[in-house]
Amino acid sequence: MTAPVTIPILPFLEGRKGQLILMRFWSKVDMRGPDECWDWQASLNKAGYGRFKIGSFINVTAHRVALVAHSLTDPPGKFALHSCDRPECVNPHHLRWGTVQENSDDMRRRGRSNNGEQEGFQNGACKLTEDQFALVIAGLQGGLNNKQIAEGLPVDHALVSRIRRGRSWAKQAAALGWVPQEKYASLTTRISRPTPETRNA
């Protein structure tokens, strides 16, 4: 069984550089009482989770950083789950490590399936298993293009593109540490097509 793949966070938090990263991280948090929610004050992704730039061109979800920093663990096969059911909260006392199934069970218990509708793996029309979705995210994090990721999976590159941009499966992707890349296509175009000036240089 394939374990979910996430960007390792713990190595970024080690040593003097890691201390500076954590100072920058906590400066973006509205820290309140130990039992209250600590809301992320910087940018959020489309699923409502905090977004934090932990390294050059590396963005991760803020609540996962908080849990890694607090627990000093970073299990690659686990997800940072909220007990408070508020994606923007980064209070480590409201976070725990868990599985996608546990997250789905929490959603059902709290009545977050709107009017009985089910999303993600709970949707009867879903074509991806949890393992296959983890492979999609691993491909995105590894720099593969949409067609390369879709190859061998029961979905087409258009769905992979929507996942990449946060238009589909946003909550599940965020739980795996994926931050949407709206400018992916335009960036690729600018890199692959030389301008008249560079062509004549």
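Just a few scattered comments:
- Exactly one residue out of 12, 79 is more than 20 Å from residue 166 (Cβ to Cβ), touching a Gly at 6+ places or on another chain (Cβ under 9 Å) and of a type in the set (Phe, Trp, Tyr), and it is 12.
- Checked against (1) touching a Ser or Thr at 6+ places or on another chain (Cβ under 6 Å); (2) without any contact (Cβ under 8 Å) to a residue 24 or more places away in the chain, residue 30 passes all but a single condition, namely (1).
- Qualifying residues in the range 121-156 (those that are in a loop (DSSP other than H, G, I, E, B) and of a type in the set (A, V, I, L, M)) - the one farthest from the chain's Cα centre (by Cα): 125
- Count of residues meeting criterion [of a type in the set (Ser, Thr, Tyr) and more than 12 Å from residue 88 (Cα to Cα)] in the range 33-58: 1
- Residue under evaluation residue 55, criteria (1) surrounded by 19 or more Cβ atoms within 10 Å (Cβ to Cβ); (2) out of contact with any strand residue (DSSP E or B) (no Cβ under 9 Å at 6 or more places or on another chain), criterion not met: (1)
- Every residue from the range 114-125 that is surrounded by fewer than 14 Cβ atoms within 10 Å (Cβ to Cβ) and either at pLDDT 90 or above or closer than 19 Å to residue 169 by Cβ (or both): 114, 117, 123, 124, 125
The values are calculated or read from the model by the stated rules, or taken from the named source; none is laboratory data. Note that this is a predicted model, so its numbers are computed, not measured. Ideal geometry is used to build each Cβ from the backbone, glycine not excepted, and the neighbour counts take in all protein chains shown.
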